[in-house]
Amino acid sequence: MNEKLVEYFFFRLGRVYGSAFKVQYPNNKALHEAYQEWGQDIADLNRPQMDAGFQKLRRAMTDDPQAWKFPNIAAVINLCKPQPEDFGMPDLHDAWLEVQNHSHEPLQHSWSHRAVFIAGQYTKWFDIRNATSPDEQRTMKKRFEKEYQRVVMRMFITGSEQPVEAIEHQNVELTPFEKSVRHNEQIHQQVMVQQGINPQGGRRQYLNRLKALGLSTGNRDES
């Protein structure tokens with residue numbers, strides 16, 4: 001567990017809630033117990049995510065003060081996680097339905113967002129097509145959810161949905177599967193461009209969405 005990240009999270013939480021934070025965590029013992037209970041979940045975040053999340057929290061408190069009267073750590077952690085909608089991507093439910101319905105024609109289908117195609121590609125189209133039983137479909141949905149969330153995080157951190165770009169920059173030999181994925185993604189990106197769809201969104205689109213919500217990350221690259 002990264003203790004510095006956990007301490008930073010609770011420091012920000014205390015600044016936002018003030019006296020309400022002291023009521024909920026009146027002494028070091030109570031605060032330490034919260035560290036132990038939520039530390040691992042908090043440590044999965046990074047500081048830019050936390051900064052963006054606390055901006056959302058202040059807006060939520062302004063819109064609905066009663067609902068956010070006292071610190072709700074689980075809810076605040078969730079606010080710190082970039083969501084597909086922040087990048088113009090469909091939510092998980094709609095993305096999974098699209099992948100299920102078009103796993104037999106991934107290169108022919110006009111995808112709602114390139115990220116859906118990439119997450120489906122890394123989940124593996126063959127496995128998705130051949131998941132017929134309810135248990136198999138649940139397993140595949142969990143695999144897709146992990147891949148989809150990875151795409152969201154890559155877009156937030158690097159501004160790109162594409163993981164092998166980072167591998168190429170490090171001069172690492174691509175595996176045959178990664179080469180196949182790269183080739184198919186390049187074809188799909190070309191199709192999107194031909195259709196007048198912008199295949200890139202990334203961090204800039206996330207920051208623009210925060211601006212539209214009246215939020216600010218405090219980063220210089222927002223302008």
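Residue under question is Met61, and the condition is that it be among the aliphatic types (A, V, I, L, M) and open to solvent by 40 Å² or more (accessible area, probe 1.4 Å); does it hold? Here the answer is yes, as Met61 does meet what is asked. Only a single criterion out of (1) closer than 26 Å to Ala60 by Cα; (2) under 11 Å from the mean Cα position of the chain (by Cα); (3) of a type outside the set (Phe, Trp, Tyr) is not satisfied by Lys146, namely (1).
Filtering segment 21-51 to residues that are in contact with a Cys (Cβ under 7 Å, 6 or more places away or on another chain) and either assigned to a helix (DSSP H, G or I) or hydroxyl-bearing (Ser, Thr, Tyr) (or both) leaves Gln49, Met50. For segment 95-112, name all the residues that are in contact (Cβ under 8 Å) with a residue 24 or more places away in the chain, open to solvent by 60 Å² or more (accessible area, probe 1.4 Å) and in a helix (DSSP H, G or I). Within segment 95-112, Gln100 is the sole residue that qualifies.
Going by what's in this entry, would Asp127 be described as surrounded by fewer than 17 Cβ atoms within 10 Å (Cβ to Cβ) and without any contact (Cβ under 8 Å) to a residue 12 or more places away in the chain? No, not satisfied. Checking Tyr35, Tyr17, Tyr8 one by one, the residue that is in contact (Cβ under 8 Å) with a residue 24 or more places away in the chain and open to solvent by 40 Å² or more (accessible area, probe 1.4 Å) is Tyr35 and no other.
Taken as a whole, the condition of being at pLDDT below 95 and under 25 Å from Ile157 (Cα atoms) applies to Gln49.
The values are calculated or read from the model by the stated rules, or taken from the named source; none is laboratory data. Keep in mind the model is a prediction, meaning the values are calculated, not measured. Cβ coordinates were reconstructed from backbone atoms using ideal geometry, including for glycine residues, and neighbour counts include every protein chain displayed. Just the protein is used for accessible areas: all its heavy atoms, side chains included, with ligands, DNA and RNA removed. Shrake-Rupley method; radii C 1.70, N 1.55, O 1.52, S 1.80 Å.
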